[in-house]
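Okay, structure first, notes after.
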């Protein structure tokens, strides 16, 4: 009877059933492949908030391009060197474990529009700025001023006086309030990862655009990895510092903050989840020692800037370390001491 029933089903119906089965199988195969690359289903709270579609789009956006096997990165020195650049490689669609760009022209436009960098000299100066002080210097200075509550409250009042105050004033008020409230623990946060991971992104871009030689790029990656290890004890700690500082930097209001938080939560899964890229690369994995080729290039340009003696005592261990190596390359004054700028 069952055979008779099945034989009575028209071919178009069988064809439609077959197409549905193939589509379902293809869907599950794609899901399995995505999970192997770090994608995870939308967490319960994300689904409850009605953001599952947004999460799934972010899974597609952040799916990494890996050359070879993910597990091979654990013993690949170049993958370890590139690890800090993976944060942006995920968003840019760049291969995470190769020094390459997926869209050089788009990268060139980004460098000019977002950074004002159009050539080798501009890139090298910006890399040095990020490694030496970056935006963390300004954030730390504002945090220090906010220790005096009376100053912070009067500054908020001053910035709020005009009804149509500038975006810059709005951002300043927002950040001061965050410091006063110690929102997300920023009173004790080390902001340096924000600068170091962006420097890694610029290093990849500079190499891809021909502004850095490959040798210079790998050596600068070694310098950036050294900077991270001076400041943090794990990938988790570095990521938390980066994403919290990015939140402080963005200052774009509640709606955009929620979108940014979802974006970085998803990106964090691809970095530090069970199948995450950084999970595959030990924090203490060996990599070549830097030769400070970036400092050599800066010395040739006459662009080294040394810490003033009064600033040395307040500088971080990393900043003192970088400054010490810069001094060996700095021009000497008549008295035989490096010129301090």
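Nothing in this text is a laboratory measurement; each read-out follows from the coordinates by a stated rule. Because the structure is predicted, anything quoted here is derived from the model rather than measured. Counting neighbours? That spans all protein chains shown, and the Cβs are built from the backbone with ideal geometry, glycine included.
Before moving on, here are some points about what is shown:
- Value at 222 nm in deg cm²/dmol, rounded to 500, when DSSP H runs of n ≥ 4 in the chain each add -39,500 (n - 2.57): -19000 deg cm²/dmol
- The stretch 200-341 shape via C-alpha gyration tensor axes, a/c threshold 1.5: prolate
- Convex hull of Cα atoms in the chain, direction-averaged projection (nm²): 24.9 nm²
- GNM flexibility winner over the chain from 189, 228, 131 (Cα, springs under 10 Å): 189
- Just checking the listed ones, 292, 270, 196: in the Gaussian network model of the chain with Cα springs under 10 Å, the one fluctuating most is 292.
- Diffusion coefficient, µm² s⁻¹, Stokes-Einstein with Kirkwood Rh over alpha-carbon pairs of the stretch 60-142 at 4 °C and 1.567 mPa s: 88 µm²/s
- The mean sequence distance of close C-alpha pairs (under 8 Å, at least 6 residues apart), as a share of the length of the chain, puts its relative contact order at 22 percent.
- Anisotropy class assigned to the stretch 240-301 is oblate, per the alpha carbon gyration tensor with a/c at or over the 1.5 cut-off and a/b no larger than b/c.
- Ordered by the count of other Cβ atoms within 10 Å of each Cβ, fewest first, 314, 232 give 314, 232.
- Angle between the chain longest axis and helix 11-36 axis [Cα atoms, degrees, rounded to 10]: 30 degrees
- Among 143, 158, 305: highest mean-square fluctuation, GNM of the chain, C-alpha pairs under 10 Å: 158
- Folded to 0 to 90 degrees: helix 214-231 orientation relative to the chain principal axis, Cα: 80 degrees
- Cα-based helix-to-principal-axis angle, 52-62 vs the chain, degrees rounded to 10: 60 degrees
- Shape class for the stretch 152-207, computed from the alpha carbon gyration tensor (a ≥ b ≥ c): oblate, with a/c not under 1.5 and a/b at or below b/c.
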